[in-house]
Amino acid sequence: MGYTKYLSPVLSNVEIAPGFFDIRLETPQVEQTGAGQFYQILCDGKPLRRPISVCGFDKEKNILRMVYQVRGEGTAWLSGVKPGQVLDLLGPLGHGFSVKGAQNPVFVGGGIGTPPLLGTAALCGGQADAILGYRTADAAILLEDFEKICRKVYTATDDGSLGHHGLVTDLLSRRLEEGPCDLVCACGPTPMLKAVADMTVGRGIKCQVSLEQRMGCGIGACVCCVCKVGDPKDPDTIRHAQVCRYGPVINAKEVIW
């Protein structure tokens, strides 16, 4: 899949929860962008770009939306960017989610893993359910966005301040018992992804997971974001694949956890 480097004007950059920002840019790269892909953003004074997942896009207006969390110096600088400034983008990169043919998809997100799911859920014509987990109610981002496009939205928090007091996998287990599900798309912490994969693959439900790894180049050249993929029953098929290039979205059956 092709990608380009482009200077994109910032339209807005708003804090939507403590430490979480919603940034929107104008760029013609949106035309070739798919849900679940990501962009590498050049942050001032930093030699390595920061990978930020696509949250949504408007291809008619060339508007790209990304939601990110401040986790270090690069994203801290990004949080101070003002409308009218120009950012250096490289992308779109990686492979995203595919919901083609899914009749009853369920999206499972944890924390900052929720934004990459929004653009994909929007493609499901209101037939998707979402299960979203957060540390606390104060960190519950994008709830209204998901409620507008999903049939039903379930929430869980670590401290019980919003929705179910516990794990998203508790809610997923309940949802799978309540009705049909032919696809699960998940993004979040690795332990969560592994648990979701175990629950779905064992039931014969298709599952796609968006993996998060530390990235350097974002285009498969530096080989620092690898993960093991293959058939665990056939050692000859197991290999190391670059998450930035082979993923970040991968069939859960292929991931060697």
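The values are calculated or read from the model by the stated rules, or taken from the named source; none is laboratory data. It should be emphasised that the depicted structure is a prediction, and the values quoted were computed from it without experimental measurement. Cβ atoms come from the backbone with ideal geometry, glycine included; neighbour counts cover every protein chain shown. Heads up: the accessible areas ignore ligands, DNA and RNA and are worked out on the full protein's heavy atoms, side chains in. Shrake-Rupley method; radii C 1.70, N 1.55, O 1.52, S 1.80 Å.
The residue pairs whose first member lies in segment 8-25 and is farther than 18 Å from Arg50 by Cα, whose second member is open to solvent by less than 50 Å² (accessible area, probe 1.4 Å) and not in a strand (DSSP E or B), and whose beta carbons are closer than 6 Å, counting only pairs six or more residues apart or on different chains, are Ile16/Ile141; Ala17/Ala139; Ala17/Ile141. Screening Val30 on (1) without any contact (Cβ under 8 Å) to a residue 40 or more places away in the chain; (2) farther than 23 Å from Gly220 by Cα; (3) open to solvent by less than 60 Å² (accessible area, probe 1.4 Å) shows it passes everything except condition (2). Of note, Val184 satisfies the criterion of being in contact (Cβ under 8 Å) with a residue 12 or more places away in the chain, part of a strand (DSSP E or B) and either exposed (fewer than 14 other Cβ atoms within 10 Å of the Cβ) or among the aliphatic types (A, V, I, L, M) (or both).
Selection within segment 235-245: residues that are open to solvent by 80 Å² or more (accessible area, probe 1.4 Å) and within 19 Å of Gly94 (Cβ to Cβ). The member of this set that is farthest from the chain's Cα centre (by Cα) is Arg239. Screening segment 200-223 for residues that are surrounded by fewer than 21 Cβ atoms within 10 Å (Cβ to Cβ) and modelled with pLDDT of 95 or more and picking the one that is farthest from His95 (Cα to Cα) gives Ile205. So the check is Cβ under 6 Å with 6+ separation or different chains; which pairs have a first residue in segment 67-89 that's open to solvent by 60 Å² or more (accessible area, probe 1.4 Å) and a second one that's β-branched (Val, Ile, Thr) and modelled with pLDDT of 95 or more? Listed by first residue and then by second, the contacts come to Pro83/Val10; Gln85/Val10. Inspect segment 224-246 for any residue being closer than 27 Å to Lys100 by Cβ, touching a residue at least 40 places away in the same chain (Cβ under 8 Å), part of a strand (DSSP E or B) and of a type outside the set (Phe, Trp, Tyr) and give the result as yes or no. Checked segment 224-246: no residue is closer than 27 Å to Lys100 by Cβ, touching a residue at least 40 places away in the same chain (Cβ under 8 Å), part of a strand (DSSP E or B) and of a type outside the set (Phe, Trp, Tyr).
Does Lys194 satisfy the criteria of being among the charged types (D, E, K, R) and part of a helix (DSSP H, G or I)? The answer is yes for Lys194.
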